[in-house]
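See below for the structure under consideration.
No value in this document is a laboratory result; all are computed from the given coordinates. None of these values were measured; they are calculated from a predicted model. In this analysis, Cβ positions are derived from the backbone assuming ideal geometry, glycine residues included, and neighbour counts consider all displayed protein chains.
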Amino acid sequence: MSEARTPAQIEADIRSRREQLAVTLDEIGVRLHPGTIVGDAKAKVASAVDRTAGRAFVAVNRTVSDVKAQFVGEDGAPRVERIVPVALLAVGLVGLLAMSSAKKRRD
């Protein structure tokens, strides 16, 4: 069985619960404050952007390293057998674009 409580104990219990309720209500008020909601949303967006930018940086860095490996040997020397054909292709494309542009100007 429960022991009988004195009015002072009951009042102390009520006071304690009121204080706990006040703290809980304050926490709810802070969480629901528009500034807090906006701040949380900004933090989530910033975190998502940072993750996306980090992934993009890693992907670009990996791609650049892969392309570089195609044109530079492990010792750092240029791989002429791969550079010359690509350079010739680039010069050919530039020449075709220049001829096409000149033809359009004449017409």
Sorted largest first, the C-alpha extents of the chain along its principal axes in whole angstrom are 103, 48, 22
Using 0.36 nm times the number of residues separating Glu81 and Ala4, minus their current alpha carbon distance, what extension gain do you get? 18.0 nm
Max mean-square fluctuation residue, GNM over the chain, Cα-Cα springs under 10 Å, options Val45, Val30, Val94: Val94
Using only helices, what value at 222 nm comes out for the chain when you add -39,500 (n - 2.57) per DSSP H run of length 4 or more and divide by the total residues, to the nearest 500 deg cm²/dmol? -30500 deg cm²/dmol
Loop-only GluC sites (Glu not before Pro) in the stretch 1-90, please: DSSP not H, G, I, E or B, and at most 12 other Cβ atoms within 10 Å. Glu3, Glu74
Simple spin-label estimate for Ala43 and Leu25 in nanometres, 7 Å along Cα-Cβ: 2.6 nm
